[in-house]
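Before any comments, here is the structure.
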Amino acid sequence: MSDLFPRYPERIDRKDFYPVAYRYMYLSRTMEERLTELFRKGHVKGTVIISIGGEATTVGMAMPFRPGKDVAGLLHRDFISHILLGSTPFAMMCQYMANAQSPTHGREGNVHHGDAVGRRLPMISHLGNMLAPTVGAVWSARRNGEEVFGLGVIGDGGSSTGDFHESINMASVLDVPILFLIENNCYAFSTPTRYQYNCKNLSDRAAGYGIEGKTVDGTDVWEVYSRVCDALDTMARTSKPYMLECRCLRLEGHAVYDGGEYVSKEERAEWIKLEPLKRARGQLQEVSGYTEERVAALESEIDAEVEDVIEKALSVERPSPHSPPWHVYAPAETFKTPPYRAAKAKNGSAVTAALNYVLQNDAGAVLMGQDIGPYGSAFKTCKGLFATYGRERVIDMPICESATVGMALGATQTGTRPVVEFQFADFGTEAVTQLGLNAATWFFRAGTPAPMVLRLPCGGGITLGAFHSGEYDGLWSRFPGLKLFYPATPQETFEALVAAYYDPNPCLVFEHKLLYWSTDGAIEFDGDVSSVPRPRRYREGDQLTIIATGAMVRESLAAVETQECLAEVWNPYILKPLELGPILDSVKRTGRVLVVQESGYTSGLGNHIIAEIIQQCFGALKCRPRLVSPPDVPVPFARELESHYLPGRKKIGDVIRSMLEAS
């Protein structure tokens with residue numbers, strides 16, 4: 001049905017508009033009423049969120065946009081908008097029943113779905129975080145020459161989130177034409193809007209972002225449709241985003257289990273007078289000339305269609321954990337890139353070389369971050385790249401780590417492969433939802449790859465104190481779907497960034513700041529990206545296996561020299577998915593294992609690595625495994641305190657000696 005009427009830039013005249021709009025509004029109301037019945041009978045599970053009372057907004061806002069071309073980030077109360085933008089009543093019913101033919105194969109909640117290929121981005125419940133991926137997808141498509149617009153929907157409650165501000169500000173700064181549409185239905189779950197904001201209209205906030213905004217009657221479907229078309233005209237002219245607040249209704253509770261007792265009888269009575277479906281029905285007769293008999297026939301046709309959809313959906317088999325396969329990572333391709341060689345490099349210059357390498361060899365490569373442009377980034381690892389590639393590909397971003405990652409995620413869906421630099425690894429915690437819950441789960445939920453690189457300058461030793469010295473490898477390793485690289489040498493650093501770039505999954509590359517300047521070595525890369533993800537061994541031995549990451553590799557090697565022991569020193573290199581195969585073989589030979597980490601005792605991966613070794617190598621162990629780490633306290637600032645905090649070669653050497661003496 002979604003292709004039976006013109007889309008933007010064409011408009012439907014008012015007489016021809018109501019037959020289309022009322023059809024979708026009635027379809028929405030009928031399906032949601034039946035979903036409520038099916039929930040109570042046990043055929044539908046989960047958080048069934050109903051848009052009854054909001055149909056004028058959800059229909060009017062979606063009708064101008066072009067399915068499969070424009071990008072939409074829809075929310076839980078935008079049921080019919082999905083159908084207007086490419087889904088079908090059958091697919092929607094299957095999603096709510098979580099059966100084998102649901103768009104998410106039963107893997108996601110009934111409202112958490114979309115079609116990434118069709119440019120309806122899958123929803124997550126962290127509503128503010130839905131906006132930035134839509135911005136990124138539109139930005140990327142336009143970068144690649146497409147005349148694309150975006151629809152980013154948020155509720156009155158979601159407009160209180162930080163990501164709401166970050167995303168709109170970012171879109172304004174970068175000239176991304178996306179319609180930020182606020183569905184103001186008076187309540188965020190049970191919290192009234194008077195506890196959400198103090199401005200008269202939410203659209204008043206548009207001025208703060210240097211964009212246009214308007215508040216309209218969201219119970220009038222023609223008004224919503226017309227104002228959305230006007231907004232698209234404005235965006236086509238200015239390439240700026242636009243904010244539209246639709247004052248609509250929610251005639252049911254937040255979800256089917258919510259009776260909405262917090263709404264007074266007087267308030268509900270006023271709402272009923274504005275009920276949009278009845279209003280549109282009257283306009284269908286008054287403006288379009290439909291008789292009562294003709295309207296009733298249209299409604300009967302839709303009723304029959306819905307019953308047929310329900311019958312078919314109820315007959316679909318339940319989902320299987322084996323079809324499609326239970327994979328959280330998109331499969332990587334085996335291929336070669338051009339070789340690269342450098343006779344001498346430090347880790348910092350290896351980063352610059354790798355970034356230049358991907359920019360030079362792939363037009364889809366884009367760098368994003370704070371102060372990475374003319375300044376060359378905080379640690380000068382992007383030095384010279386802006387002068388070579390310009391702002392189109394080396395982009396100084398506003399201070400908005402969460403929205404930047406969300407933008408990068410959206411950009412991956414429309415032909416761009418972003419490399420995002422967090423100025424410090426510590427600042428990555430600002431983007432935990434976007435990276436750990438949205439990007440990491442994207443392939444599992446949406447079925448499409450999300451190739452993006454996140455660079456994390458990390459670690460202590462240069463007296464920057466807390467908030468600028470963390471690693472956070474333990475934190476990021478907890479999220480399924482992320483890949484973690486932690487190189488220690490220039491060769492490994494170059495390879496990690498190149499391999500992460502060509503990987504189809506979100507990849508984090510930890511770059512220890514102390515090693516930017518203090519580690520020298522040659523780079524000999526043959527272009528075989530598939531050979532990069534493997535543990536790295538720095539020396540052989542049969543007395544002890546040492547496992548270290550980052551700057552602790554250097555300290556461990558120095559400690560072995562002071563003890564004059566025959567120890568093997570390994571770096572797992574890929575911290576997730578953790579592959580310990582050759583390291584386990586080493587432990588079985590030596591019978592002793594020492595793990596050295598810079599993260600605090602419980603915040604790094606050391607305990608997890610030891611647990612894996614005990615499970616796989618218990619019978620071969622000659623003594624208990626040991627973990628050398630700092631205490632569980634923030635990284636201190638003063639040099640004397642930081643030196644005491646960090647595991648150094650003396651502390652590591654003492655443990656090596658005690659392990660060898662004890663056994």
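The values are calculated or read from the model by the stated rules, or taken from the named source; none is laboratory data. Only a predicted model underlies this, so the values are computations on that prediction, with no experimental measurement involved. Quick reminder, even Gly has a Cβ in these numbers, built from the backbone with ideal geometry, and neighbours come from all protein chains shown.
Return yes when Asn184 is more than 19 Å from the chain's Cα centre (by Cα), more than 17 Å from Asn129 (Cβ to Cβ) and either surrounded by 24 or more Cβ atoms within 10 Å (Cβ to Cβ) or not assigned by TED's automatic domain parsing to the domain that holds Asn129 (or both) and no when it is not. Give the steps one after another, and end with the answer.
Values: more than 19 Å from the chain's Cα centre (by Cα): yes; more than 17 Å from Asn129 (Cβ to Cβ): yes; either surrounded by 24 or more Cβ atoms within 10 Å (Cβ to Cβ) or not assigned by TED's automatic domain parsing to the domain that holds Asn129 (or both): yes.
Judged against the criteria, Asn184 is a match.
Could you check, for the stretch 572-583, whether at least one of its residues is surrounded by fewer than 15 Cβ atoms within 10 Å (Cβ to Cβ) and over 18 Å from Tyr486 (Cβ atoms)?
no
So which residues in the stretch 41-58 are touching a Ser or Thr at 6+ places or on another chain (Cβ under 7 Å) and modelled with pLDDT of 95 or more?
Across the stretch 41-58, the qualifying residues are Glu55, Ala56, Thr58.
If only one of Arg77, Arg107 is under 25 Å from Lys278 (Cα atoms) and at pLDDT below 95, which one is it?
After applying the criteria, what remains is Arg77.
Please state which one of Pro6, Pro89, Pro103 is in contact (Cβ under 8 Å) with a residue 60 or more places away in the chain and either in the same structural domain as Asp308 (by TED's automatic domain parsing) or of a type outside the set (Val, Ile, Thr) (or both).
Pro89
For the stretch 594-605, does any single residue satisfy the condition of being of a type in the set (Gly, Ala, Ser) and either more than 20 Å from Pro487 (Cα to Cα) or surrounded by fewer than 18 Cβ atoms within 10 Å (Cβ to Cβ) (or both)? First the steps, then the outcome.
We begin by selecting, within the stretch 594-605, every residue of a type in the set (Gly, Ala, Ser); these are 599-600, 603-604.
From what is left, the residues that are either more than 20 Å from Pro487 (Cα to Cα) or surrounded by fewer than 18 Cβ atoms within 10 Å (Cβ to Cβ) (or both) are none.
Taking every residue of the stretch 594-605 in turn, none turns out to be of a type in the set (Gly, Ala, Ser) and either more than 20 Å from Pro487 (Cα to Cα) or surrounded by fewer than 18 Cβ atoms within 10 Å (Cβ to Cβ) (or both).
Could you pull out the residue among Ala500, Ala567 that is more than 28 Å from Ser377 (Cα to Cα), touching a Lys or Arg at 6+ places or on another chain (Cβ under 9 Å), crowded, with 23+ Cβ neighbours inside 10 Å and not acidic (Asp, Glu)? Outline the logic, then answer.
On the way: Ala500 fails: more than 28 Å from Ser377 (Cα to Cα).
Of the residues listed, the single one that is more than 28 Å from Ser377 (Cα to Cα), touching a Lys or Arg at 6+ places or on another chain (Cβ under 9 Å), crowded, with 23+ Cβ neighbours inside 10 Å and not acidic (Asp, Glu) is Ala567.
Which condition does Met61 not pass, out of (1) in a loop (DSSP other than H, G, I, E, B); (2) under 24 Å from Trp139 (Cβ atoms); (3) out of contact with any Lys or Arg (no Cβ under 6 Å at 6 or more places or on another chain), if it passes all the others?
(1)
Considering (1) surrounded by fewer than 24 Cβ atoms within 10 Å (Cβ to Cβ); (2) more than 30 Å from the chain's Cα centre (by Cα), say which one Leu482 fails and leave the rest.
Exception for Leu482: condition (2).
Of all residues in the stretch 626-657, how many are without any contact (Cβ under 8 Å) to a residue 24 or more places away in the chain and in contact with a Lys or Arg (Cβ under 9 Å, 6 or more places away or on another chain)?
Of the residues in that region, 0 qualify.
Every residue in the stretch 400-423 that is surrounded by 20 or more Cβ atoms within 10 Å (Cβ to Cβ) and not in a helix (DSSP H, G or I), please.
Those that are surrounded by 20 or more Cβ atoms within 10 Å (Cβ to Cβ) and not in a helix (DSSP H, G or I): Cys400, Gln413, Thr414, Thr416, Arg417, Pro418, Val419, Val420, Glu421, Phe422, Gln423.
Quick one: would you say Val111 is among the hydrophobic types (A, V, I, L, M, F, W, C), surrounded by fewer than 21 Cβ atoms within 10 Å (Cβ to Cβ), in contact (Cβ under 8 Å) with a residue 24 or more places away in the chain and on the phi < 0 side of the Ramachandran plot?
no
Please go through the stretch 35-89 and pick out each residue that is surrounded by fewer than 22 Cβ atoms within 10 Å (Cβ to Cβ) and of a type in the set (Lys, Arg).
Arg40, Lys41, Lys45, Arg66, Lys69
Determine which member of the set Val328, Val358 is under 25 Å from the mean Cα position of the chain (by Cα), in a helix (DSSP H, G or I) and either closer than 23 Å to Ser530 by Cα or among the aromatic types (Phe, Trp, Tyr) (or both).
The unique qualifying residue is Val358.
Would you kindly identify the strands (runs of 3 or more DSSP E) lying entirely within the stretch 501-552 that contain at least 2 residues that are more than 26 Å from the chain's Cα centre (by Cα) and farther than 30 Å from Cys623 by Cα? Explain how you work it out, then say what you get.
Values: elements: 506-512, 520-525, 536-539, 544-548.
The qualifying strands (runs of 3 or more DSSP E) are 520-525.
In this structure, does Leu557 turn out to be of a type in the set (A, V, I, L, M, F, W, C), under 22 Å from Gln491 (Cβ atoms) and part of a loop (DSSP other than H, G, I, E, B)?
no
Show the residue pairs meeting these rules: Cβ distance below 7 Å; 6+ apart or different chains; first residue within the stretch 446-471 and farther than 23 Å from Arg417 by Cα; second residue of a type in the set (Lys, Arg) and surrounded by fewer than 24 Cβ atoms within 10 Å (Cβ to Cβ).
That search, which allows pairs on different chains as well, returns Thr463/Arg639.
When you go through (1) assigned to a loop (DSSP other than H, G, I, E, B); (2) touching a residue at least 12 places away in the same chain (Cβ under 8 Å); (3) not hydrophobic (A, V, I, L, M, F, W, C) one by one for Gly376, which number turns out not to apply?
Here Gly376 meets the rest and fails (2).
Do we find that Ala488 is closer than 20 Å to Glu555 by Cα, modelled with pLDDT of 95 or more and buried (at least 23 other Cβ atoms within 10 Å of the Cβ) in this structure?
yes
How about the stretch 563-663: which helices (runs of 4 or more DSSP H) wholly inside it have at least 2 residues that are of a type in the set (Asp, Glu)?
On the way: elements: 581-590, 606-617, 639-645, 649-662.
Once the helices (runs of 4 or more DSSP H) in the stretch 563-663 are filtered for at least 2 residues that are of a type in the set (Asp, Glu), what remains is 639-645, 649-662.
Which residue is surrounded by the fewest Cβ atoms within 10 Å (Cβ to Cβ), if the candidates are limited to the stretch 1-34 and must be part of a loop (DSSP other than H, G, I, E, B) and within 33 Å of the chain's Cα centre (by Cα)?
Asp3
May I ask you to say which residue of Cys623, Cys617 is surrounded by 18 or more Cβ atoms within 10 Å (Cβ to Cβ), free of Cβ contacts under 8 Å to residues at least 60 places away in the same chain and not β-branched (Val, Ile, Thr)?
Answer to the check: Cys617.
Restricting attention to the stretch 204-225, report how many residues are buried (at least 18 other Cβ atoms within 10 Å of the Cβ), in contact (Cβ under 8 Å) with a residue 60 or more places away in the chain and farther than 21 Å from Glu147 by Cβ.
6
Suppose we filter Glu305, Glu293 for residues that are exposed (fewer than 10 other Cβ atoms within 10 Å of the Cβ) and assigned to a helix (DSSP H, G or I); which single one remains?
Glu293
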